[in-house]
1. Can you list residues whose amide H is under 5 Å from His509's amide H, if they're 5+ apart or on another chain and H is modeled 1.01 Å from N?
2. Given a 1.4 Å probe and the protein chains all in place, what does the accessible area of Ser246 round to, in Å² to the nearest 10?
3. Taking H placed 1.01 Å from N in the peptide plane, check which residues at least 5 places from Leu425 or on another chain put their amide H under 5 Å from its amide H.
4. Can you give the local net charge around Glu274? Use residues other than it whose beta-carbon is closer than 13 angstrom to its beta-carbon, Lys and Arg +1, Asp and Glu -1.
5. Given the whole protein assembly as supplied and a 1.4 Å probe, what does the accessible area of Ser450 come to in Å², nearest 10?
6. Hey, which lysines would be in cross-link range of Lys295, C-alpha to C-alpha under 16 Å, not counting anything within fewer than 8 residues on its own chain?
7. If you plug each phi of segment 136-143 into the Karplus form 6.51 cos²θ - 1.76 cosθ + 1.60 with θ = phi - 60°, what whole-Hz ³J(HN,Hα) values come out, in order, with x for Gly and Pro?
8. Using heavy-atom solvent-accessible surface (probe 1.4 Å) with all chains present, what is the largest-first order of Met101, Met1, Met175?
Amino acid sequence: MWGGLGLTETPKEEDWENAKKIYLMDNELSVLPKNPRCPVLSTLFLQRNYKLRTIPPSFFDYMPALQILNLSRTGIKSLPDSILRLVSLKRLFLNDCHCFMILSPKVGKLKRLEVLDLEGTDIMDLPKEIKELTNLTCLKVSLYACMSNGRRAMQSDVVVPCGIISALSHLEELMITVNPDDKRWNACVEAIVTEVCTLQSLNTIEFYFPRVELVRHYLLSSPMWVHPSLSNFKFVVGHHVQRTMSRLPRDVEFELERWERCLKYINGVAVPREIQKVLQYSTAFFLERHATVKKLSDFGIGNIKQLKCCVVGECNEVELIIDATDAHEEESEADAHEGDSETDTHEEDNEAGANEEDDEVEACREDGSSEIVSKTSSAKTIVLGSLEYLYIYYMKNLRRIWKGPVQPKCLSLLKFLTLRTCPQLTTIFTIGLLDNLYNLEELIVEDCPSIKTLVSCKISTEPKTSDFLPSLKRISLHYMPGLVSISSGLHIAPRLEWLSFYNCPNLKHLLIEEVSSKDLKKIKGEWNWWVALKWRCGRPSYLDDIFVPINI
């Protein structure tokens, strides 16, 4: 147990001899022993030794029992030929070795290997010998596209040789990430998709489809989609140009990675059926730079009902996120389809009757008897009833978040809402939405100059027994030149802990009702703005105690 001790040198070689497991992660090692004798060593952890650049040529010569080797997040560039001596190796981790460029073909000799993790490396192609690793259940690889002439001579014309994926018939996890500018991937991706479709045990996949047609091929041929059984997937669909600077913050990318079934649709046109099909099973959706779609609900209310995380950005035609009338239209179409089925043949009637039984549930009366209740006659469609995280950015024509009536439980699980750089946005919350957002915890609105107030509604004269947004703890309002009020005097956020203002020059009056939380711990803003603020009944002294001026 030598992990995290700040070691600059490895322990003496005699200490290695009888060890079964050696933990040397999180140290400052730059040199390893030349050829330590480790006849019973089964586990060697060297991850996060960032100064480790090379492994001695004979380092693995005497480790015949080694089963787990972790070299992730080190500075190594390649593996020595002695790697083939690890005849018992089952798990090899090289993830986030950003200098690692060449995977030795000798890795193909590791016949017992079950996990090979090359995510976050800089290798340029997979050696054809990988197909010999027929016991692999997990393969993760990041493929680097070379651009400089000096490096181009080193790369193969084929990024993944033909026959590799189909040979790994026991794969349960497959992750292939590539540079979207790599033309080699475009040349071979169709053949790779065909091979992926042969994998019968796959339950986790990460894959880049540069064209929608490839998704169609995958959905029609993969046994995982004929009878959907994928527990985890991350699909990137649509050709996109690698950017030096992304407008999407890193923490939002991490949020997308957190969900088990993620679809990224980039530079799309129209709403392909293939995207709708995948979306039905997705828990996270990233829509960026779509050319024609005007609202998120264009993808189908029924197709987005499982979404827990949604990120939408740079879609210049989008004017609103949800149009509630779309749900009504989908219900009407479903009813019409059901009506049409009643005019079919007698055999089809029987089949429809069986389907109707599927749509019916037995409900118990209070007296113990039961009745059949149709699911289709239940309450109106719940729109985005599972959504927890909504991030919207750089939407130049977005006017409002929601249009139409708000049914109970729509958006009721939403916890985090961020709106950034939406110059035409005028309406965020209506009373209908406020009634449903009882789980909202954090609100960020930045660079939305047309917003005058967060709440667009008239205050009812009838007294309300509870405040709106009861779970809201943090509000950040930055670069909002049009803002004149937080909530138009409406009582909101009784548990608010944090308020942050910056560049809101027209917010000259605050009502105590808008900052009346007993839990408020901090208000941030410019000092000059705070001093000039006017209060209808005077500013309570305790607010001065928790105000923190922004250091510009």
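The values are calculated or read from the model by the stated rules, or taken from the named source; none is laboratory data. These numbers come from a predicted model, not from an experiment. We place every Cβ from the backbone using ideal geometry, glycine too, and count neighbours over all the protein chains shown. What goes into the accessible areas is simple: the full protein's heavy atoms, side chains included, and nothing from ligands, DNA or RNA. Shrake-Rupley method; radii C 1.70, N 1.55, O 1.52, S 1.80 Å.
1. Lys534
2. 70 Å²
3. Ser450
4. Taking every other residue near Glu274 into account, the sum is +3.
5. The accessible area of Ser450 comes to roughly 40 Å².
6. Candidates past the 8-residue exclusion: Lys305, Lys396, Lys403.
7. 4, 10, 9, 10, 10, 8, 10, 10
8. Output order, biggest surface exposure first: Met1, Met101, Met175.
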